[in-house]
1. So how much slack lies between B:SER769 and B:GLU103, counting 0.36 nm per residue of separation and subtracting their Cα-Cα distance, in nm?
2. With every protein chain left in place, what is the accessible area per residue of the protein assembly as shown in square angstrom, probe 1.4 Å?
3. Hey, any idea what the orientation-averaged projected area of the convex hull of region B:152-303's Cα atoms comes to, in nm²?
4. For the residue pair B:ARG235 and B:ALA788, what label-to-label distance in nm results when each label sits 7 Å from Cα along the Cα-to-beta-carbon direction?
5. Name the residue farthest towards the positive end of the dipole of the protein assembly as shown from the options A:ILE11, B:CYS497, B:PHE212, assuming +1 on Cβ of Lys and Arg, -1 on Cβ of Asp and Glu, about the Cα centre.
6. Over region A:48-143, what per residue volume does the convex hull of the Cα atoms give, in whole Å³?
7. Note down the magnitude of the dipole of region B:5-101 about its Cα centre, charges +1 on Lys and Arg C-beta and -1 on Asp and Glu C-beta and zero elsewhere, to the nearest 20 debye.
8. Please give the FRET efficiency for B:LEU150 paired with B:ARG200, using the beta carbon to beta carbon distance and R0 = 22 Å, rounded to the nearest 0.05.
Amino acid sequence: MQIPVSEIHEIIDREADDEGSIISALEKVQQHYRYLPKEALILASQRLGVPLSQAYAVATFYNAFSLKPKGKYCLQICMGTACHVRGSPQLLDQMETKFNIKAGETTPDHLFTLETVNCLGACALGPIVVVNDEYSGQMTVQKSDALMKRLIRKEGLD
Amino acid sequence: MSEELVRLKIDDIDVRVPKGTKVVDAAKQAGIDIPVFCHHPKIESVGMCRMCLVEIGTPKRDRSTGEKLLDEGGQPQIEFWPKLETSCTTPVSEGMVVKVSSEKAIEGRKQILEFLLTSHPLDCPICDKGGECSLQDLVMEHGSGESRFLLEDKKHQDKHVQLGDLIVLDRERCIQCARCIRFQKEVAGDPVLAFAERGRNIEIVTFSDPGFNSYFSGNTTDICPVGALTTVDFRFGARSWEMDATASICTHCPVGCNLMLNTRREARANGRQVIKRVMPRQNEQVNEIWICDKGRFAHHFATSEERLTKPLVRIDGKLIETSWKKALEHAAEGLKAAGEGVVGLASGRVSNEDLFNFHTLLKSVGGRAILSDSQAGGELVQQVGVGKGTDLGALGAGDAILVIASDLHEEAPIWWQRVMGAAKRGATLVVANARKTRLDDYAGHVVRYRYQEAARTGLGLLQAITGAKDLSKFASDEPLKSAAKALTEAENLVIFCGVEGLTYAESKSLSDVCAAILVETKNVGRAQNGLIAVWPKNNTQGAWDMGLRPAEGDLEKAFADAKAVYIMAVDPVGDDPSLAESLEGDRFLVVQELFMTPTAELADVVLPAQSFVEREGTFTSGERRVQRFYPAVKALGETKADWRIITSLAASLGIELEDSSAAAVFLQIAEETEAYAEINYQSLAEFEEQWPPVGEEDLYYGGTTFKNRQGLGVQVAPAAEQDQSLKIQWSAPPEFKGKKGYLLVPVVELYNRGATVMPSENLHPRLASPVLWMSLKDAKSIGVIQGAQVELLLDGRTEELQAIAEEGIPEGVVLLGRGLGVPIAEPQYVEVRLKA
C-alpha cells in the first residue's frame, strides 16, 4: 500500500504538541489507515522528538495499534470465561472456516480481520462479537452467520 | 555539606542521608545490602524488577494535630505500609523505619526470584556471565532452591541475536530490567534500544541502522545483571574466575580512561598471557564507570602478530634481523656522526618516561626533539589548564562549557558523554564549529563559523566579553553575543579547544584566544575551571610537559636540515607520503616502533618497542591527570620498553641515563619538572573509596566495572593556581588567503583505519569508510549523485573516493576522515571532479 508522506504529516501535525502526544498521534494514524505504516512511526518520532525506539515500544505495547494492515471489518470474538462457556469457541471456529483465516489474521483482500479478545466487560451479554466498535450480544451460530452474510453482501461479494 | 539530612532506621541501624536519597541507596551507604536488578546508582529508578522489596513504615500521626503519636516508652509509633514496597523508587523520609531482613520481606524477594527464573534458561555453565552474574549470586543468596514452575511451560526465545556488530543478545536470559535501554537513553545520549511487545513476549530491540551502533554499547554488558548482553570480543572467551586483572590506562584518546585488562594463560598462545577483555576501572573524576567501545574493543594491536619483534639494520639496502647490541651500536654510530644535526620526532602515544628520556638524549647531543602532534596550546594548558580537583561530572547549573573546533563524540567519546551530562544537569553549553556535530543537540548556544575562521570567532567572543577596542574588528552580532554573555555569567568555565580544520598557526591563535577568554573571565587557577586541549593522542600533554615541542607546521624543513633523524612511535611518512623524500638519501634514520610502518621501511635501524600492555609507565591526560599503567602480559619477542631502548642507545653514545626502572625515570621527571615535583609512583597508586561502590561481592549493584585499587592518579595543578596575575597575549590569526578549489578538511572518525584499530577484527564492520562529504549544493554543482565516484587532486596525486552529500556541511568545503587510507596532514585546497 502506497501512502503519501504528506498525508501522514497532516494527521500527526494535528495532534503534535509535545512528546506526550505520541499516543494520540499514533491513534489517529491507526484510525485512518487501520494500521501504523513504518513511515508513520518514523515521521511521528521525528516530529514529536521521541526516539524511534520509544515510538516502536509504544506501538507494540498497546493492542490498539497494529503494525500490519488490518481489514476493513475487524471482527473481535470475546474469549472471556463467560463468553467461552456460552459457546464463543464455536463462533470462532465458524468464522475461521467462513473466511478461511485463523484468529489474528486478515483476509487477502484486506476486508476482514479476525481477532480474539479476553473480556469486554459485558459478560451478561455473552457471547459477544464486536465489528468495528459495534457490539452484538448473545450471539449464536445462526446470528453470527447472518452477521457475516450481511457484511459480505454489503461489500457486494455474494 | 549544606544538603538537608534525613534520619531513618534500616534494620535497626540509624542512618543519616541527604533528602531525596532512595531507600536502597541509603541502605547501601549504611552497609546494608538490598538486592536489585533494575536499579543502578547512575540511572533513574523505575522499579521494574521488584527485587528490592522491603517493609517500610512511617511514624503514625494524630490526624487532627499532625503530631507524632508515641507509644508507652515514649518512642514514635510506626505504621507499616500494607504491602511490600520497592526500595529503589521510595525516597527516604524523616523517622522512616525500613525492614530489609524481616520474614515478610525475605519471602517477598524469594517469590520474585522464583518468578524471574520461570523464563530463564539457567544455562549458567555455558554463560559468559557465569561467576559474575547478579542473578546467579542473588539466587544463591535469596532464592528458594527449587521451582514450582513446570519445566515444559518455559518460554523459549532466540539465543544468538546479533543486536549490533559488537553486542550479542540472548533473549532467554534477559530478565527485562531495562538497564541497557535506560543507559542508552540517559547516560549514552543515544536511545537506540527499546522494549517491543509486552508481558511475557517483551523483548529488547534496537532501532539504529546499523543495529546498536552506539559508541558506548559495551557498557551495557557491564551493567546487564545477567548474561543477556555479551560482547563479540569476549563471548565464549573465558570464565571470569580464570582471569588475572591488571590496571591500565586507555591509549586511544586524551581522556585517559582507567582500564582493567583481564588476561589468561592459553595453550594456543604457547602458554603466554593473552588479553581476553578490556574492562572499565572506576575513576569518578575521569571516566566514572564507563569506557567507549574503541577503548574496549581496539586493544588487539597491542598484542598483534604483526608487531616487530627483533631489531633490524639495513645491510646492502635491505633490513636484516640482528641483535640488540649490533643494532644499538649501528644506531649510535649514525647518530654520533651527525653530531648536533640530530632531529628527534616522537608522538604523544608513548609514556612520560619514554618522552623524558627521548628529550634528555636529544638535548645531550645538542639535537632537537620535535612533537609530531600538530596542535598548539600545550604551554597554555600548563598555565591555565583545569584546576586541581576538576570533575566534569560535577559541572551543572550555573557553570558553562565552551567546545570549539572539535567533534568530541568522535575525538573523545567519554568527554562528549560527560559534557552532555553537564548540559543535562543545567550547565550552559556553547558549541562552536564550522559544521553540525552531535553535541549541538545539547547546546544552549550553537555558534557556526566558516572553516579558517575559528580563531576569529574566538576573538569575537573575547571582544564581546571584554569590549576591548583593539578587538573591535572581530566584533560580531548574535549568536556570538549571547554566547559570550552566557560564558561571562557562569560561575565556572571549562573550554575544550580542538583543532578541526585548523593549520598549526591557526591552532596556536585559537588556543591563545581560549586561554585569554579564561583569564579575562577570571576562570583560571581553580577547580572546575580552565582549558582542556582535545589532543590527537593520549599523552600529547605529557609530551609538552616533558619538553617536546611541535615543528610548527614545518616538519619537512626540520628533516631536510637534519643529518640524522630519530623517530619514536610515529609514522610521518604514512601520514604524509611527501615527507618520504626528505627522509631518504644519506640521512641516517632510526625508527623505534611497534609495526613495520612506511617510515620504518625507510630506516637504517629499526628498534622494536613494547606496547603499553607489556610494560609500565605513566600518561598525562588532557585534564592533566598523571596516571600509571602496569604490565599485563609478557613482552613479545625481543621488544623493549621505549625508555629503556633510549637509555641503551644513550649508553652507546656515552650518555648516562637512568636504567634501573620506570619508577626511577619518573623520579628524575619529578626532579626536573616543577609541576610534577610532588608526584611519584607511590602517590600515583593511592586511591580512596568512591561512590557508587562497584566491582565487589555485590556486583548486582553497580555492574562488573572494576573497583579502583591501583590508583586514581594525580592531577597536576596549572601555574595559574600559584600565579593569579597571569596575562595571556592573544594573537591575530593568519590572514585568510583565497585560493581556488575546495577546502579539504580532515576530520576525526572514532573508528579509523589506523595501525592501532585495524588489528581488532571485531571492529571491521564498524570502520569509517573513506568517503568525501560535501554540501548538497556543491554536490549539485560538481554533478555528484549520492555515492558517485569522484577524483580528488591533492599534492599532485589523484585519489578516487566515493562522494556523499549531506546537510550541515558548509559550502566550498569537502570533509574526509583522518586515518582512512588517504593521508592528509592539514586542511588544503584541492580540486574535486566527477570521475570520467
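1. Contour length minus Cα-Cα distance gives 233.8 nm.
2. Here the per-residue accessible area is 42 Å².
3. Hull-based average projected area comes out at 10.6 nm².
4. Going by the 7 Å Cα→Cβ label model, 4.0 nm.
5. A:ILE11
6. 115 Å³
7. Dipole about the Cα centre, nearest 20: 320 debye.
8. 0.90
The values are calculated or read from the model by the stated rules, or taken from the named source; none is laboratory data. For clarity, every value in this text was computed on a predicted model and none was experimentally measured. FYI the Cβ positions are ideal-geometry reconstructions off the backbone, even for glycines, and counts take in every protein chain you see. Note: accessible area is taken over every heavy atom of the protein model, side chains too, but ligands, DNA and RNA are not part of it. Shrake-Rupley method; radii C 1.70, N 1.55, O 1.52, S 1.80 Å.
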